[in-house]
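What follows is a set of notes on a single structure, which appears directly below.
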Amino acid sequence: MAYQDRLSGNEAVAVAIKQINPDVMGAFPITPSTDIPQLVSQYVANGEVSTEFVAVESEHSAMSVCIGASAAGGRSVTATSSCGLALMWELLYVAASCRLPIVMAVINRALSGPINIHNDHSDSMGARDSGWIQIYAEDVQEAYDNYIQCQKIGEHKDVQLPIMACQDGFITSHGVERLTMIETEKVREFVGEYEPEHRLLNPDAPVSMGPYDSPAYYMEHKKAQAVAMQNAYQVILDVAKDFEALTGRKYGMIEEYRMEDAEVAMVVIGSSAGTAKDTCDEMRSAGIKAGVVKVRVFRPFPVKEIAAALQKVKACAVMDKCDSFSGVGGPLYNDVKAALLGKRHDILMANYVYGLGGRDVKVTDLKIAFEELAEMVKSGKAPEDYRYLAVRE
């Protein structure tokens with residue numbers, strides 16, 4: 001039977017890894033993800049798992065270990081944050097282009113500089129085009145559930161791509177919540193055995209991994225990678241349906257909150273979705289028909305779901321917990337805008353960069369965005385540029 005426990009987000013992910021019992025974990029400690037490899041190494045030392053834990057000298061080496069293990073045919077995992085993810089940069093592309101279904105817990109933290117150990121999304125958002133699937137959690141329960149689903153998604157025969165299971169540093173990673181756990185035997189039955197069709201340690205079908213790719217073939221390989229990401233769209237939904245049958249907990253590409261008759265909406269990703277929902281309730285009490293769209297899956301981007309969710313709203317605020325420094329808004333904003341291109345010409349849109357470097361995000365802050373949306377509806381005008389929310393001028 002399922003059971004209840006009180007865990008932090010990092011503890012919940014570590015338990016998920018223990019239940020899955022991967023073949024190899026290569027990891028290097030970095031705040032705020034350190035708890036995960038520390039706990040897994042304890043499980044290994046205690047004989048609770050058969051995972052080969054490889055303590056390395058850097059995150060670059062951690063991803064190298066995972067690539068080697070996965071190429072050999074093993075199930076490999078890791079965890080990192082911020083500058084650790086940045087140090088893996090070269091190898092993120094190698095893992096994706098070699099079609100290796102590594103699962104990496106990314107505990108989102110601001111990238112330097114100045115040096116900051118607190119939450120925003122600049123690390124994983126910077127890697128958004130590296131070819132990794134990206135799924136984000138709102139709370140501890142979702143961090144646990146997402147990680148288990150990620151294992152099955154990445155390894156699907158039509159996908160075979162690495163995947164980032166993201167959660168907000170300190171907010172969910174260290175915040176303790178009550179959650180419902182799945183029995184270990186059911187987790188292992190759900191993810192199944194990993195039996196890749198192509199692997200280095202198969203003498204009957206020799207393959208090479210990561211060879212030099214000439215202009216004669218490179219584009220075809222990139223196209224195959226792109227098709228795999230497109231395939232991941234349906235696989236994510238199918239795995240979510242299987243997970244709902246197992247647990248009763250329902251997941252999709254996005255989550256809609258009070259969007260049935262919403263006139264103004266906030267699009268948000270990660271733990272701030274909970275604050276946005278509370279703010280939405282307050283705005284409803286004040287007579288403003290507000291709604292929230294939480295983006296759970298960022299890669300592949302849920303174009304159809306976003307367009308459908310926002311088809312009736314008059315104004316929309318897209319919240320970015322990082323800045324792309326393009327001069328025209330954050331990454332989530334520009335993807336949402338692209339999703340609506342050709343579908344909505346009349347929607348008024350605003351982009352807010354918020355919560356950088358762990359800046360607290362309060363209901364009072366998000367109320368400002370909702371109130372500005374209501375004013376936009378009255379005036380019929382959207383702001384000409386994106387803005388920073390709750391920042392000292």
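The numbers here are math on the coordinates, done by the rules we state, and not lab data. Just so we're clear, the structure is a prediction, and the values are computed from it rather than from any experiment. Backbone-built Cβ (ideal geometry, glycine too); neighbour counts: all protein chains shown.
Structure summary
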{"read-out": "Fraction of antiparallel bridges per DSSP, the chain only, in percent to nearest 5", "value": "25 percent"}
{"read-out": "Amide N proximity, the range 164-203 versus Asp158 label position 7 Å along Cα-to-Cβ, cut-off under 19 Å", "value": "191-192, 195-198"}
{"read-out": "Residues in the range 153-194 that a label on Leu246 would reach, taking backbone N under 11 Å of a point 7 Å out along Cα→Cβ", "value": "153, 182-193"}
{"read-out": "On Cα atoms only, tilt of 363-379 relative to the major axis of the chain in degrees", "value": "50 degrees"}
{"read-out": "Dimensions (Å) - the chain, Cα atoms, principal axes, largest first", "value": "69, 53, 44"}
{"read-out": "Amide H within-cut-off set for Cys316, under 5 Å, with H built and near neighbours excluded", "value": "Ala265, Leu348, Met349, Ala350"}
{"read-out": "Rounded FRET efficiency, nearest 0.05, which uses the C-beta distance separating Glu195 from Tyr3 and R0 of 41 Å", "value": "0.85"}
{"read-out": "Charge dipole magnitude, Cβ of K and R +1, D and E -1 - the chain, Cα centre, debye nearest 20", "value": "820 debye"}
{"read-out": "Neighbour-count ranking [beta-carbon atoms within 10 angstrom, fewest first] of Leu200, Leu179", "value": "Leu200, Leu179"}
{"read-out": "Positive-end extreme of charge dipole, the range 3-247 - chosen from Phe243, Gly84, Tyr3 (charges on Cβ)", "value": "Gly84"}
{"read-out": "Given charges at Cβ of Lys, Arg, Asp, Glu: the chain dipole, positive-most of Met104, Pro383, Phe190", "value": "Pro383"}
{"read-out": "Bridge type composition, the range 254-388 - antiparallel percent by DSSP, nearest 5", "value": "20 percent"}
{"read-out": "Two-site FRET efficiency, His221 against Glu393, from Cβ-Cβ distance with R₀ of 45 Å, rounded to 0.05", "value": "0.40"}
{"read-out": "Computed over the chain: relative contact order in percent, which uses C-alpha pairs under 8 Å that are six or more apart", "value": "15 percent"}
{"read-out": "Unit charges at the beta carbon, dipole of the range 230-304: most positive-side option, Gly274, Tyr233, Ala290", "value": "Tyr233"}
{"read-out": "Given charges at beta-carbon only (K, R positive; D, E negative), |dipole| of the range 254-388 in Debye", "value": "260 debye"}
{"read-out": "Percent RCO, i.e. relative contact order, over the range 64-137, from Cα pairs under 8 Å lying at least 6 residues apart", "value": "31 percent"}
{"read-out": "Two-site label geometry, Ser379 and Glu90: point separation in nm, points 7 Å out along Cα→Cβ", "value": "5.0 nm"}
{"read-out": "Net charge of Cβ neighbours under 12 Å - reference Val65; Lys, Arg +1; Asp, Glu -1", "value": "-4"}
{"read-out": "Residue order, fewest to most beta carbons within 10 Å, for Asp281, Asp385, Asp365", "value": "Asp385, Asp281, Asp365"}
{"read-out": "Viscosity 0.890 mPa s, 25 °C: Kirkwood-radius Stokes-Einstein D of the range 254-388 over Cα pairs, µm²/s", "value": "169 µm²/s"}
{"read-out": "Separation of alpha-carbon centers, the range 135-207 and the range 24-46, rounded to whole Å", "value": "16 Å"}
{"read-out": "The chain, helix-only ellipticity at 222 nm - DSSP H runs n ≥ 4, -39,500 (n - 2.57), divided by all residues, nearest 500", "value": "-12500 deg cm²/dmol"}
{"read-out": "Per-residue Cβ neighbour rank within 10 angstrom, fewest leading, Lys294, Lys367, Lys381", "value": "Lys381, Lys367, Lys294"}
